[in-house]
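Undergrad: Below is one structure. I have some questions about it.
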Amino acid sequence: MKRILIPALALMPSAALAHAGHDSGSFLSGMLHPVGGTDHVLAMVAVGLWAAQAGGRALWAAPASFVGAMLLGGAAGAAGLPFPAVEPMILASIIIMGALIALAVRLPLMVALPALAVFGAAHGWAHGAEGPAAGMAAYAAGFALMTAALHGAGLLAGLGLQRLAGLRISRTLGGLTALAGVALAVGV
């Protein structure tokens, strides 16, 4: 495991928090933005993994809460409204979601959904603030669709892994996600 983890962590800082080149107000530019930074990909896939572990209504409510709040946060970012500590919040979303998955924590939805909404708003604010001056509607549709797709990938992976090996592999992925978030936070 060390042979895989250490090289993977060593490669991450160069990709972390990198969102340059998203100045086109197009649907495609919006779709590419979430996958342009390791921080966003990790958090968005983690939402799906956590939803798969939680099961029940979380399967749809967790991604919906994140995406809905992300769109609101995106509008706030595009409007130039402040979001104090947005980057630490994005990094915290990775670490916290990874830890919840690793520890197989099943929070009540009344607790989980507002937390996911705060995380989603932070990610959305970053998308909106870094987004185009014109064409924001198409751009927002693209980043919302890609975010939902990343949630779906995490959800399908989590459900599939549970069928193959119970929670063991998902929990390991959660731990690796949390470690990657720490690595991004400290700039390893």
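Every number in this text was worked out from the coordinates using simple rules, so none of it is lab data. This is a predicted model, so every value here is computed, not measured. Reconstructed Cβ throughout: ideal geometry from the backbone, glycine too, with neighbour counts over all protein chains shown.
Undergrad: Got a sec? Which of 155, 145, 161 is in a helix (DSSP H, G or I) and surrounded by fewer than 20 Cβ atoms within 10 Å (Cβ to Cβ)?
TA: After applying the criteria, what remains is 145.
Undergrad: Can you tell me which condition residue 114 does not meet? The list is (1) assigned to a helix (DSSP H, G or I); (2) surrounded by 16 or more Cβ atoms within 10 Å (Cβ to Cβ); (3) touching a Ser or Thr at 6+ places or on another chain (Cβ under 9 Å), and all the others hold.
TA: Result: residue 114 passes all but (2).
Undergrad: Starting from the range 118-129, keep only residues that are over 15 Å from residue 33 (Cβ atoms), then list their pairs with residues that are polar (S, T, N, Q) and crowded, with 24+ Cβ neighbours inside 10 Å whose Cβ atoms are within a distance under 7 Å, requiring at least 6 positions of separation or different chains.
TA: Matching pairs, first to second residue: 119/93.
Undergrad: Which of the following residues is aliphatic (A, V, I, L, M), closer than 12 Å to residue 151 by Cβ and in contact with a helix residue (DSSP H, G or I) (Cβ under 7 Å, 6 or more places away or on another chain): 129, 43?
TA: Selected residue: 43, the only one of 129, 43 that is aliphatic (A, V, I, L, M), closer than 12 Å to residue 151 by Cβ and in contact with a helix residue (DSSP H, G or I) (Cβ under 7 Å, 6 or more places away or on another chain).
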